[in-house]
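Following: one structure in structure tokens, then a few remarks.
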Amino acid sequence: MKSLTGEPNNFDSVLVGRISNKQVKSKERKNTIFIISNLNEDIRGYKAIITSVKVGKKIPSSFLKIPFIHSVKDFESLFNGDLVLLEMHSGTITIMFEKNSTHNSIFATSRCNSKCIMCPQPSKKDPPKSERINLELVKLIDKSTHAIGITGGEPTLGRNNLIRLLKECNKNMPQAQIQLLTNGILLKNMDYVEEIVNIGIDNLIFCIPIYADTDLEHDFIMQRKNSFQDTIQGLYNLEAFEQSIELRVVVFSHNFKRLPQIADFFYHNFPFVMHIAFMGIELEGLAKENRKKLWISPLDYIAFLEKAVLYLSQRDMEVSIYNEQLCLLPKSLWAFSCKSISDWKNIYIEECNSCKMRENCGGFFKSVISEHRKLINKKNCK
Amino acid sequence: MRTIKPYTILPYRFMRFKDEVLLVNEAGDFIFVKNTDFDKFRKFELRTQAETFLNLKSKHLVTESNLALPVYQLATKYRTKKSFLNDFTALHIFILTLRCNQKCRYCQAGSENETCYEHDMDISIAKKCVDYVFKSPSPVIKIEFQGGEPLLNFEVLKFVVKYAKALNKKHKKDLEFVVCTNLIALSDKILKFLKKNKILISTSLDGPRNIHDANRILPNGEGTYEIVLKNIKRAQVTTGAQNVAALMVTTKSNFHNLEKVVDEYIAKGFDSIFFRTLHPFGRAARERNTLGYDIEEFVRNYKKALNYIIEINLSGKYFSEIYATIVLSRILTPFSTGFVDLQSPAGTGIGCAVYSQNGDVFVSDEARMLAKMGDLRFRIGNVKENTYKEIFDGKTLREIISSSCVETLPQCSECAFQMYCGADPVRNYYAQGSLIGHKPTSEFHERNYLIIKHLFELIRQDDPEIMNVFWSWITNRSIYDIKRINIRELNEKPNR
């Protein structure tokens with residue numbers, strides 16, 4: 001997530017609010033974080049104030065009773081309606097929800113019950129009060145939001161936390177598609193699945209990764225014994241309740257040769273899933289540490305990917321490719337490629353500027369740019 | 001000396017194909033492996049890191065690790081393949097009358113003269129039959145009108161449709177009607193009713209004029225080609241071409257010329273054909289020498305015609321052969337198919353029931369024909385005399401069903417094609433004298449074995465173009481559609 005920093009005044013709290021650089025009605029002020037460029041603005045009733053203005057030791061008295069961060073740089077990444085987290089002890093402003101993005105996610109927890117060898121966000125402890133902050137955040141999200149991800153860590157880990165969070169999402173944005181990104185391991189418990197289903201969310205989709213077509217290989221990648229079995233049990237439990245499922249396969253050195261067999265395994269064992277996605281790897285976290293072992297050039301795996309995608313499409317299964325660039329894919333796969341990279345991680349390189357297909361292209365993860373620089377040149381551009 | 005085996009082999013059946021072996025697991029998933037790999041596999045000499053081992057493991061044929069999981073997944077897949085059993089009888093055939101206005105040389109329906117009105121189903125029996133139809137727990141109910149020529153008893157057809165629709169207001173089932181008619185008696189009034197009630201039309205067309213008129217004739221001996229085609233056209237125009245299908249019967253007159261039959265079907269606006277074999281009943285049994293053929297010869301012609309149809313599809317025109325489509329779905333998809341002639345246990349009674357004009361209930365149309373020939377073996381009751389439970393939970397039906405599981409039938413039990421095939425106890429009984437039958441001399445077995453083997457040979461060759469054709473049939477899309485998906489313009493697909 002993007003974040004900015006500034007100089008805080010001496011409040012010691014963590015709070016969330018909605019950004020506005022204009023005055024809002026008084027009843028909306030208690031949830032609004034007001035961006036000011038002039039210290040004479042009326043700031044009564046606002047949740048907090050941020051400004052690029054540098055304030056010396058003499059803080060105006062009206063600012064003493066309100067959380068206040070000054071000397072903030074790079075305001076251009078903040079837009080009205082964005083939701084931010086202010087950590088007053090450090091002066092950190094983290095953008096939690098971008099109004100103009102379709103890729104917003106809530107991090108239900110940072111903890112995880114597996115240690116995937118290519119994990120971009122390894123498990124860590126949750127900061128204090130993160131549960132409360134998430135619930136507050138959801139309350140502030142625009143009701144007209146189309147889609148929101150619930151991710152982690154492994155969001156199913158704190159069961160009560162997740163249930164509360166899903167209920168709050170359902171209450172606040174009943175129209176939204178809620179994408180729950182889970183490894184599905186804990187969904188092996190039927191009563192857990194039942195509890196989620198009973199919330200009654202109209203448009204809930206479980207996005208579940210499976211990295212292999214056999215147990216030992218999948219368990220090795222997840223670094224957790226029996227995770228293959230548990231996740232499959234979870235998938236069957238979800239199917240028993242006719243839930244929507246997306247299967248996700250991250251493509252990397254350990255599994256790329258078996259993509260066609262993985263596609264076949266999915267079709268024969270999980271024909272009930274709504275969607276299957278093949279995803280390019282993101283070289284962050286553990287993947288960055290293990291990059292030499294994990295990285296495989298798209299040019300080496302495209303043939304396997306093509307076979308797998310066309311196999312599923314031929315069978316009338318919905319299938320997509322995430323995180324790949326059109327110029328590296330054969331044209332037969334263009335229709336399956338989606339713009340899937342979160343806005344804050346997505347970039348293009350110089351060669352892309354003149355590309356006619358740029359608007360439709362997935363672009364890159366920042367983290368893989370150096371690898372892709374080697375591959376993308378005028379010759380490859382189509 | 002006992003040695004510890006490096007892996008556990010799960011139940012499978014196999015068949016040799018030249019230098020490869022077809023292995024099929026308990027749920028019908030299959031894989032081809034090289035003979036040499038198969039030998040290593042069965043002797044426990046395959047390395048567990050070998051690609052072949054992983055492929056076999058992925059297909060639930062072997063495991064060196066978790067055993068419970070593949071067994072659990074096989075069970076799940078097996079239930080899916082057998083899910084036709086969940087719902088019980090879906091297809092209900094009403095013999096509205098035995099009267100017919102044609103006198104086809106191969107008639108196997110036991111038709112009577114057009115003026116013998118005593119062979120019509122009356123309203124009171126029709127009502128009782130519909131009551132019983134709605135006692136079936138199936139969420140899908142398909143009522144198919146047959147005869148004789150069902151349009152000759154149109155008043156009762158109308159009654160059945162109206163009464164079934166009225167009952168369905170309460171039952172809320174997925175209700176569908178089909179009328180199997182030669183279309184000779186089609187009138188504007190009838191057509192209007194069929195259209196209004198969305199009744200599908202299934203008619204008969206054996207091929208071009210000379211082939212059709214060889215067998216499908218009026219009582220005075222005249223051919224019916226002209227009038228049938230005129231009425232097919234009328235029906236297509238009024239109810240929409242997709243609501244009119246045609247069936248053909250393969251006889252000596254057309255089975256060397258199946259390509260011509262295909263051309264005729266395409267020219268007349270049909271997008272599928274079903275190469276049906278002759279059933280040795282009624283007139284067909286008596287004229288066997290002039291009409292009949294040997295199964296091997298039939299399959300040879302069938303293969304030739306199938307290749308011809310594949311070529312037509314490769315040129316961009318969607319046209320399917322229904323029997324191949326059903327068999328391919330059974331082989332290539334994890335799903336169950338509804339076709340009652342290829343089920344285990346057999347679809348007799350539990351997939352399909354036949355209500356005769358006098359209220360007798362039979363497990364299939366062949367069963368009804370046997371009764372006509374004097375053998376009531378497969379009459380499971382009468383709607384006026386018996387309760388639903390007596391008919392559909394009686395000793396006779398239970399005996400037929402328990403004798404028709406290919407899993408337990410001699411020779412079928414070890415056949416690699418078991419999951420794709422089915423049993424036909426009625427046919428076994430009349431052709432071979434027992435419900436179980438005798439495989440080596442069974443025509444039903446021979447036809448299915450040869451056709452399934454042929455399709456597997458094509459699957460083994462894995463020509464991507466031909467596989468696209470097969471999947472276009474299974475998923476009911478034209479090959480153009482399947483290919484277009486691959487080159488679909490980007491902007492047609494919304495970003496997720």
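Ignore the peptide's own chain and count Cβ atoms of other chains within 10 Å of each Cβ in A:261-271; give me the average, rounded.
Working: counts 7, 1, 0, 5, 5, 0, 3, 13, 10, 3, 5.
Averaged over the peptide's residues, the number is 5.
Leaving out same-chain residues fewer than 8 places away, which aspartates and glutamates sit with a Cα under 17 Å from that of B:K389?
B:D87, B:D131, B:D360, B:E399
Have a look at A:E284, A:E239, A:E350 and tell me which one the Gaussian network model of chain A (Cα, springs below 10 Å) gives the largest fluctuation.
In this elastic network of chain A, the residue with the biggest mean-square fluctuation among A:E284, A:E239, A:E350 is A:E350.
With a 10 Å Cβ neighbour count serving as the proxy for reagent exposure, in which order, fewest first, do A:C112, A:C352 appear? Walk me through the intermediate numbers first.
Working: A:C112 21, A:C352 17.
In order of increasing Cβ crowding within 10 Å: A:C352, A:C112.
Report, in deg cm²/dmol and to the nearest 500, the calculated mean residue ellipticity at 222 nm for chain A, where each DSSP H run with n ≥ 4 adds -39500 (n - 2.57) and the sum is divided by the residue count. Walk me through the numbers on the way to the answer.
On the way: 10 runs with 100 residues, N = 382.
So the calculated ellipticity at 222 nm is -7500 deg cm²/dmol.
Using the count of nearby Cβ atoms within 10 Å as a rough guide to exposure, how do A:F272, B:F274 rank from fewest to most? Show your work: numbers first, answer last.
Working: A:F272 15, B:F274 18.
Ordered from fewest to most neighbouring Cβ atoms within 10 Å, A:F272, B:F274 come out as A:F272, B:F274.
Which one of A:D191, A:D142, A:D230 has the biggest mean-square fluctuation once chain A is modelled by GNM with Cα springs under 10 Å?
A:D191
Using a cut-off of 15 Å between beta-carbons, work out the net charge of the residues near B:E114 (Lys and Arg +1, Asp and Glu -1, B:E114 not included). Each step should come with its number before you reach the end.
On the way: positive: B:R99, B:K103; negative: B:E112, B:E118, B:D120, B:E149, B:E222.
That works out to -3.
Output the relative contact order of segment A:1-136, whole-number percent, from Cα pairs under 8 angstrom with separation of 6+ residues.
Working: 240 pairs, mean separation 38.0, N = 136.
It rounds to 28 percent for segment A:1-136.
Taking 22 Å as R0, compute the FRET efficiency from the Cβ-Cβ separation of B:F193 and B:N358 and round it to 0.05.
Working: r = 25 Å, r/R0 = 1.14.
According to the calculation, E is roughly 0.30.
Take B:H60, B:H279, B:H171 and order them by how many other Cβ atoms sit within 10 Å, fewest up front. All intermediate terms of the calculation are to be shown ahead of the outcome.
Values: B:H60 25, B:H279 17, B:H171 14.
Placing the least packed residue first, the sequence is B:H171, B:H279, B:H60.
Give the Debye-formula value of log10 I(q)/I(0) at each listed q (0.09, 0.12, 0.22 Å⁻¹), with one equal scatterer per alpha carbon of segment B:150-282, two decimals each.
The Cα Debye sum returns log10 ratios of -0.30, -0.52, -1.33.
Suppose R0 equals 35 Å. What FRET efficiency, 1/(1 + (r/R0)^6) with r the Cβ-Cβ distance, do A:F272 and B:E222 give to the nearest 0.05?
On the way: r = 54 Å, r/R0 = 1.56.
It comes out at approximately 0.05.
Give the span of the protein assembly as shown's Cα atoms along each principal axis, as three whole-Å numbers ordered largest to smallest.
Largest first, the protein assembly as shown extends 115, 72, 54 Å along its Cα principal axes.
Please get the size of the charge dipole for the protein assembly as shown, origin at its Cα centre, with Cβ charges of +1 on Lys and Arg and -1 on Asp and Glu, quoted in debye to the nearest 20. Intermediate results must be reported in sequence, preceding the final value.
Details: 121 positive and 99 negative charges, 419 e Å.
Once rounded to the nearest 20, the dipole reads 2020 debye.
Hydropathy at least -1.0 by Kyte-Doolittle, axial extent at least 18 angstrom from the Cα trace: which helices of chain A, defined as entire DSSP H runs, fit? Can you show the working numbers first?
Numbers: long enough: A:159-172 (20 Å, -1.14); A:227-240 (19 Å, -0.29); A:298-314 (23 Å, 0.64).
Correct list, ordered by number: A:227-240, A:298-314.
Can you tell me the orientation of helix B:295-314 relative to chain B, as the angle in degrees between its alpha-carbon axis and the longest Cα principal axis, to the nearest 10?
Tilt relative to chain B: about 80 degrees.
State whether chain B is rounded, prolate or oblate according to the following rule on the C-alpha gyration tensor (a ≥ b ≥ c being the square roots of its eigenvalues): a/c under 1.5 gives rounded; otherwise a/b larger than b/c gives prolate, and the remaining case gives oblate. Walk me through the numbers on the way to the answer.
Values: a/c = 1.74, a/b = 1.49, b/c = 1.17.
Prolate, because a/c is 1.5 or more and a/b exceeds b/c.
Counting pairwise Cα distances across segment B:344-440, what percent come out greater than 21 angstrom? Working shown, then result.
Numbers: 1451 of 4656 pairs.
When all Cα pairs of segment B:344-440 are counted, 31 percent exceed 21 Å.
Which value, in debye to the nearest 20, describes the size of the charge dipole of segment B:87-382 about its Cα centre when Lys and Arg Cβ atoms bear +1, Asp and Glu Cβ atoms bear -1, and nothing else is charged? Write out the running numbers ahead of the final one.
Details: 40 positive and 32 negative charges, 178 e Å.
About 860 debye.
Highest GNM mean-square fluctuation, chain A, Cα pairs closer than 10 Å: which of A:N269, A:N134, A:N346?
Taking springs between Cα atoms under 10 Å, the residue moving most is A:N269.
Over segment B:8-81, calculate the relative contact order: mean separation of alpha carbon pairs under 8 Å at least 6 apart, over the residue count, as a percent. Walk me through the intermediate numbers first.
On the way: 84 pairs, mean separation 22.4, N = 74.
The value is 30 percent.
In square nanometres and to one decimal, what's the mean projected area of the convex hull around the Cα atoms of segment B:87-382? Can you show the working numbers first?
Working: hull surface 61.9 nm².
Its Cα hull, projected and averaged over all orientations, spans 15.5 nm².
Find the relative contact order for chain A and round it to a whole percent, using C-alpha pairs within less than 8 Å whose residues are 6+ positions apart.
On the way: 734 pairs, mean separation 44.5, N = 382.
Relative CO of chain A lands at 12 percent.
Pairs A:K188/A:K339; A:K99/A:K307; B:K40/B:K304; A:K188/B:K77; B:K82/B:K165: which are spaced more than 26 Å apart, C-alpha to C-alpha?
A:K188/A:K339; A:K99/A:K307; B:K40/B:K304; B:K82/B:K165
Rule-based calculations on the coordinates, nothing more; no lab input. Note that the structure is predicted; figures quoted are calculated from it, not measured. Cβ atoms come from the backbone with ideal geometry, glycine included; neighbour counts cover every protein chain shown.
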